[in-house]
Amino acid sequence: MSRVDTFMRQIKLVTYAIAAVSLGIILCLMTLRILSRNLGLELAGLQLYAQALGVWMVFIVAGALGLENRHIKLDYFTDRFPEPIQTYHNILTGLLNTAMCVVIVGGSLLAIREFWTGTSPSVNIPLPLYYVPAIIGLTMLGIVYIRRTVTEIQSLYS
C-alpha cells in the first residue's frame with residue numbers, strides 16, 4: 001500500500017469520526033431545542049448551530065465515500081457501454097469531476113478569504129468554518145478522481 005493510500009485511509013477515518021460526532025451533537029441540539037420550546041424557554045440559535053454541523057457532516061465525508069466508491073453515481077447506462085467506450089467515458093467523467101472539485105475548493109478558498117472576519121447573524125459562527133469541510137472533503141474526492149482517471153488512462157496502454 002502506498003503512502004497516499006495510507007494517508008487517505010487515515011483521513012477517511014478522521015472524517016467519519018467528525019461526521020459521527022457532528023450527528024450526535026445535532027441530535028442533542030435538536031432535542032434540546034424541542035424541549036426548550038415545549039417548556040417555554042426558547043433557547044436561541046440551537047437550530048443554526050445544528051445546521052452548521054450539518055454542513056460539516058455532509059461535506060466532510062464526500063471524499064471518504066468516493067474512496068470507498070459509495071458516493072452517488074449514475075452508472076446504469078455507462079455500465080452497458082462496450083469496453084473501449086466505457087474506458088473513455090470514465091476518463092472524461094473523471095476529468096470533469098476533478099475539475100468540479102477544483103472549482104468548488106477554489107471557490108471555498110476565495111470565500112474564506114473574502115469572509116475571513118465575518119460571522120453568521122445572531123449566533124456569531126465564523127463564516128470560514130462553513131467552507132472548511134468542503135475544502136477537506138472535496139480535495140480528498142478530487143484526489144480519488146485523479147487516481148481513478150490515471151488508472152483508466154493506464155488501462156488504455158496495458
Spin-label proximity, residue 75 to region 118-158 - amide N less than 18 Å from point 7 Å beyond Cα toward beta carbon: 141-156
Measure nothing fancy, just the Cα-based angle from helix 3-38's long axis to the longest principal axis of the chain, in degrees from 0 to 90, nearest 10. 30 degrees
Distance from region 74-109 to region 1-17 (C-alpha centre basis), Å: 22 Å
Describe numerically, in nm with one decimal, the distance between label points set 7 Å from Cα along Cα→Cβ at residue 83 and at residue 5. 2.4 nm
Loop only by DSSP, 14 or fewer other Cβ within 10 Å of the Cβ. Give me the trypsin sites (Lys or Arg not before Pro) in region 1-109 that pass, ordered by residue number. 70, 73
FRET efficiency, residue 122 to residue 23 (Cβ-Cβ, R0 30 Å, nearest 0.05): 0.80
Can you match volume of the Cα convex hull per residue in Å³ to one of these, [x] 130; [y] 154; [z] 108, based on a calculation from the structure here? [x]
Using the basic label-point model (7 angstrom from Cα toward the beta carbon), what is the residue 43 to residue 147 distance in nanometres? 4.1 nm
Give the residue list of chymotrypsin sites (Phe, Trp or Tyr not before Pro) in region 72-137 that are DSSP loop and have at most 16 other beta-carbon atoms within 10 angstrom. 76, 77, 115, 116
List the pair-distance distribution P(r) of region 108-158, using every Cα-Cα distance, as the percent of pairs falling in each 10 Å bin from 0 up to the bin containing the longest distance, rounded to whole percents. 23, 31, 21, 15, 8, 2
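Every number in this text was worked out from the coordinates using simple rules, so none of it is lab data. Everything numeric in this text was worked out from a predicted model, so none of it was measured. Cβ sites come from the backbone with ideal geometry, for glycine too, and all protein chains shown count toward neighbours.
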